[in-house]
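To start, the structure itself, in structure tokens.
What follows is calculated from the coordinates using simple rules that are stated; it is not laboratory data. Predicted model only: the values in this text are computed from it and were never measured. Every residue, glycine among them, receives a Cβ derived from its backbone with ideal geometry; neighbour counts consider all protein chains shown.
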Amino acid sequence: MKDNIKGKVIVITGASSGMGAAAAKDLAGMGAKVALGARRKDRLESLVKEIRQAGGDAVAVATDVARMDDVKKLVDTAKEQYGRVDVVFNNAGLMPLSPLESLKIDEWDQMVDVNIKGTLYGIAAALPYMKAQKSGHIINVSSVYGHIVVATGAVYCATKHAVRAISEGLRQEVKEYNIRVTTISPGAVDTELTQHITEPGLGDNVRDVVKKIGVPASTMSDMVAFAISQPENVDVNEILFRPTVQTQ
């Protein structure tokens, strides 16, 4: 597995915590060069320091994925620093669940901006480089909720269904450029994602469930590494994983 990852330049959004941070450390440990983006610059800098102290190669750029200019700067920095862009892992996401009748319109807007537009901006920033290279790999994060719809999750589910649709459309369009496209849909993973839920009562309930059954963030990095490590003529298009005990 490590042989196909070593030396690859991997851009990761949402890298300051959770699945993004775990992927950054694990992939760097396998010899990848990682360019890390997130809004919390202090945490990014700490992560870069940790990776470098362990012998890895990393660079960080403060990035709000809802801003195309930020995402372009992150990807451009990876190209300038390392000479190419092999993988973009569009990991940043928000999950402020709530019933539609609560009319949390600002949270709806945030989910659309981060979950959908952030994914599109990552694609837009990377495609010119990957087309020129005639190679590349774009990995987008959907969710189990990108396969089903649940009460209190209408908008979140819609954004994650959108990620799957975007990924499939992209996959069909980039074959001539030898670009691979993978969608990864996690179930309950123990990260900060549930902290975004502001709906009274709901947030505590969801956090309790995730604490009880959630798999560690490193589970996602295992899935990312699996997809990247396949031979270049193998395109792993979709991975869906849950804790074994998760029913929905």
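For segment 159-180, how many residues are over 16 Å from I116 (Cβ atoms) and either basic (K, R) or touching a helix residue (DSSP H, G or I) at 6+ places or on another chain (Cβ under 7 Å) (or both)?
Step one: of segment 159-180, the residues over 16 Å from I116 (Cβ atoms) are 171-180.
From what's left, either basic (K, R) or touching a helix residue (DSSP H, G or I) at 6+ places or on another chain (Cβ under 7 Å) (or both): 171, 175, 177, 179-180.
Here the count works out to 5.
Return a yes/no flag: does segment 234-247 have any residue that is in a helix (DSSP H, G or I) and either surrounded by fewer than 17 Cβ atoms within 10 Å (Cβ to Cβ) or out of contact with any strand residue (DSSP E or B) (no Cβ under 6 Å at 6 or more places or on another chain) (or both). For segment 234-247, residues in a helix (DSSP H, G or I) and either surrounded by fewer than 17 Cβ atoms within 10 Å (Cβ to Cβ) or out of contact with any strand residue (DSSP E or B) (no Cβ under 6 Å at 6 or more places or on another chain) (or both): absent. Looking only at segment 71-107, which residues are over 14 Å from G20 (Cβ atoms), in a loop (DSSP other than H, G, I, E, B) and of a type outside the set (D, E)? Answer for segment 71-107, where residues must be over 14 Å from G20 (Cβ atoms), in a loop (DSSP other than H, G, I, E, B) and of a type outside the set (D, E): G83, R84, V85, M95, P96, L97, S98, P99, L103, K104. Sub-8 Å Cβ pairs linking a first residue in segment 171-190 that is within 20 Å of P243 (Cα to Cα) to a second residue that is surrounded by 21 or more Cβ atoms within 10 Å (Cβ to Cβ) and of a type in the set (K, R), at least 6 apart or interchain, are S185/K160, ordered by first then second residue.
Screening the candidates A78, A35, A58, A66 for the property of being in contact (Cβ under 8 Å) with a residue 60 or more places away in the chain and either surrounded by 15 or more Cβ atoms within 10 Å (Cβ to Cβ) or out of contact with any Cys (no Cβ under 7 Å at 6 or more places or on another chain) (or both) yields one hit, A78. Count, please, the residues in segment 158-201 that happen to be within 17 Å of the chain's Cα centre (by Cα) and either among the polar types (S, T, N, Q) or at positive phi (or both). Total satisfying the criteria: 7.
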